[in-house]
Every structure is written in structure tokens, then in C-alpha cells.
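The values are calculated or read from the model by the stated rules, or taken from the named source; none is laboratory data. Computed from a predicted model, the values in this text were never measured in an experiment. Positions of Cβ are generated from backbone atoms using ideal geometry, with glycine treated the same way; all protein chains shown enter the neighbour counts. Protein only, heavy atoms only, side chains kept; ligands, DNA and RNA dropped before computing areas. Shrake-Rupley method; radii C 1.70, N 1.55, O 1.52, S 1.80 Å.
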Amino acid sequence: MIITEREDSFIMIRQHDHALVSGEIAKQWLSNIFEGEKWRDQVEYAVSHHDYAWIPLDAEPIWNDDKGQPHSFMDYPVKPKVEHYSWGVDQVHKQSAYAALLCSWHYASFFDQQSDDPIISEFITREINRQQSIKQQSLPGQSEQNFHFKLLQFCDDLSLYMCLNEPGTPKHEEVKMFKDGFRQHFQGLDEPIQAKWLDEQRIAVSPNPFKEPFHLTIPVKEVDKELINSRGLQQAFDLTEFDERHVYLV
């Protein structure tokens with residue numbers, strides 16, 4: 001779950017909903033700067049489904065006593081999280097081995113490869129074995145693989161930008177990781193990509209890597225804190241209707 005806090009409520013966005021938005025972003029990427037075009041459908045599938053692992057977890061949100069708010073994807077307990085990471089990649093693998101490889105790389109990148117935590121170590125070993133098995137198949141060249149993985153991470157980051165920053169947030173008040181632009185660099189673009197809210201619905205992206213301006217819809221729930229206190233997190237979440245955050249990339 002992606003969690004942001006307001007005075008009387010929590011904004012809760014399911015990870016798979018955010019990932020589907022990431023996939024829509026990938027579909028708008030300019031063809032002339034897309035490497036390995038024949039793999040595009042599988043790359044877009046990977047981007048759209050990279051957080052498939054969170055579907056069962058986000059259906060049953062849990063409370064973080066230390067922070068006094070629902071657990072987010074950033075502080076969720078490690079054991080169930082990594083178990084579902086592997087399960088999620090398994091589901092993607094049923095549709096596309098290459099998409100599963102990209103998702104496996106994405107999840108593995110969250111952790112220290114030399115971790116002493118046995119849960120993390122087991123997860124990394126399991127995913128490395130998966131990756132090595134997939135690499136026995138016909139795959140794009142290394143440069144194309146690098147681009148596809150970087151594109152997944154960029155689309156993930158841009159979608160997170162829309163979810164973690166309140167609509168219309170001034171640049172100086174943005175979440176720290178986005179203030180100086182995105183971490184990915186792409187051949188064919190002269191400089192790192194920057195995003196900026198122009199108002200409560202429009203985001204300017206520069207340099208622009210997209211085919212045309214486009215509209216995105218993010219399902220969100222604004223869950224009242226008093227309702228959580230009286231009914232518990234699960235019931236409060238279930239009783240709260242989804243709203244929509246509309247975003248126009250220009």
C-alpha cells in the first residue's frame with residue numbers, strides 16, 4: 001500500500017493500481033527512443049504487473065504500531081513481503097518469462113545482495129536461480145535489457161511521484177527523492193527527466209519522452225482516522241469508497 005497522511009485521514013493507494021498506471025506511462029514512451037521494440041509488449045506487461053505481488057497484501061492492510069498508521073510498502077514486514085514478491089513474479093512468469101526476469105531484477109534491487117538476514121538471503125538466492133534459468137532462453141541483447149529495466153524503474157518512479165506527492169505540491173515541498181529529477185538517464189534525452197505539478201491535475205515532464213499528452217486515473221481511498229479508531233483498519237478500508245485522482249501529463 002502507498003500511504004500518505006492528512007490531518008484527519010490517510011490516503012491509501014493499492015500497489016497494483018499504481019503499477020497499472022506505470023504501465024500506461026510505458027505505453028506512451030516514444031518509439032524512436034525505445035530499445036528493442038519487438039519486446040515492447042512483454043516490457044509493458046512487466047511494468048504494468050511489477051507489483052502484482054501486493055494484490056493479496058493490500059486486500060488486508062495492517063497497522064504499524066510504531067508509526068501509528070497503516071503499514072506502507074516501505075515498512076511492511078519483511079517475511080510476508082518477500083514471500084509475496086516471489087509469488088508475484090511466479091504469476092508474471094506464467095505470461096512472460098522475460099517480464100518475470102525484469103520484475104525479479106526489480107524486487108532483488110531493493111535488498112543488499114550480501115545481506116545476513118536469512119529471509120532476505122533465501123529470497124535473493126531464489127530469485128538469482130530464477131534469473132539464471134530464464135537467461136537460458138532467447139532474450140534481448142544486454143543493452144536492450146538494461147534499457148527495459150531502467151524504463152520499468154522510471155515508470156514506477158513517475159507513478160510514485162503522482163501518488164506520494166499531493167496534487168499541486170510545490171517543487172520545494174515534494175518528496176525528497178523527486179526534487180532533483182529522476183535517477184534514470186536515457187540515451188536520446190539531453191538531460192535527466194524532471195516532473196513538476198502545474199496545478200492539482202497537470203504535471204509537466206521535461207525533457208518529454210512521451211508520444212503525446214495523456215490522462216491517467218489513480219484509484220485512491222481517503223480513510224478517516226476516526227473510522228479506523230472505531231471500526232479497525234480493515235473495516236474502515238473496506239467501508240471507504242474509492243475516489244479517483246486524475247492526472248494529465250503535459
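Here is a yes/no grid of residues against (1) in contact with a Ser or Thr (Cβ under 8 Å, 6 or more places away or on another chain); (2) part of a strand (DSSP E or B); (3) at negative phi:
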{"site": "GLN184", "(1), (2), (3)": "no, no, yes"}
{"site": "LEU189", "(1), (2), (3)": "no, no, yes"}
{"site": "PRO219", "(1), (2), (3)": "no, yes, yes"}
{"site": "GLU222", "(1), (2), (3)": "yes, yes, yes"}
{"site": "LEU227", "(1), (2), (3)": "yes, no, yes"}
{"site": "ASP238", "(1), (2), (3)": "no, no, yes"}
{"site": "GLU241", "(1), (2), (3)": "no, no, yes"}
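Condition (residue is within 30 Å of TRP197 (Cα to Cα), assigned to a loop (DSSP other than H, G, I, E, B) and at pLDDT 95 or above) applied to the stretch 137-155: is it met by at least one residue? Checked against the condition, which is being within 30 Å of TRP197 (Cα to Cα), assigned to a loop (DSSP other than H, G, I, E, B) and at pLDDT 95 or above, the stretch 137-155 yields no hits at all.
Residues that are open to solvent by less than 10 Å² (accessible area, probe 1.4 Å) and touching a residue at least 40 places away in the same chain (Cβ under 8 Å) within the stretch 102-114 comprise LEU102, CYS103, HIS106, TYR107, listed in sequence order.
In the stretch 46-71, the residues that are farther than 18 Å from ALA100 by Cβ form no Cβ pair under 6 Å with any partner that is surrounded by fewer than 16 Cβ atoms within 10 Å (Cβ to Cβ) and at pLDDT below 95, whether six or more places apart or across chains. If the condition is being assigned to a loop (DSSP other than H, G, I, E, B) and open to solvent by less than 10 Å² (accessible area, probe 1.4 Å), then the stretch 35-50 contributes only HIS50.
Each row is one residue, and each column tells you yes or no for (1) buried (at least 19 other Cβ atoms within 10 Å of the Cβ); (2) touching an Asp or Glu at 6+ places or on another chain (Cβ under 8 Å); (3) farther than 23 Å from ILE62 by Cα.
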| residue | (1), (2), (3) |
| --- | --- |
| HIS172 | no, no, yes |
| HIS185 | no, no, yes |
| ALA236 | yes, yes, no |
| PHE242 | no, no, no |
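The residue list PRO213, PRO167, PRO140 contains one member that is under 19 Å from GLN42 (Cα atoms), touching a residue at least 12 places away in the same chain (Cβ under 8 Å) and surrounded by fewer than 19 Cβ atoms within 10 Å (Cβ to Cβ), which is PRO140.
Determine whether GLU244 is within 30 Å of SER143 (Cβ to Cβ) and of a type in the set (Asp, Glu). Let's see the steps before the verdict.
Working: within 30 Å of SER143 (Cβ to Cβ): no; of a type in the set (Asp, Glu): yes.
Against the criterion (within 30 Å of SER143 (Cβ to Cβ) and of a type in the set (Asp, Glu)), GLU244 does not qualify.
Looking at (1) within 14 Å of ALA46 (Cβ to Cβ); (2) not in a helix (DSSP H, G or I), find the lone condition where HIS106 falls short. Condition not satisfied by HIS106: (2). Given the conditions (1) open to solvent by 10 Å² or more (accessible area, probe 1.4 Å); (2) closer than 30 Å to ARG245 by Cα; (3) among the charged types (D, E, K, R), and given that ASP117 satisfies all but one, which numbered condition is not satisfied? So the condition that ASP117 fails would be (2).
Selection within the stretch 224-234: residues that are more than 30 Å from TRP197 (Cα to Cα) and open to solvent by less than 90 Å² (accessible area, probe 1.4 Å). The member of this set that is farthest from the chain's Cα centre (by Cα) is SER230. Selection of the stretch 51-70 for residues being part of a helix (DSSP H, G or I) and of a type in the set (Val, Ile, Thr) yields only ILE55. Restricting the stretch 55-98 to residues that are over 26 Å from ASP8 (Cβ atoms) and of a type in the set (A, V, I, L, M, F, W, C) leaves a set whose member that is most open to solvent (accessible area, probe 1.4 Å) is TRP87. Among the residues of the stretch 18-34, those that are touching a strand residue (DSSP E or B) at 6+ places or on another chain (Cβ under 7 Å) and surrounded by fewer than 21 Cβ atoms within 10 Å (Cβ to Cβ) comprise GLU24, GLN28, TRP29, LEU30.
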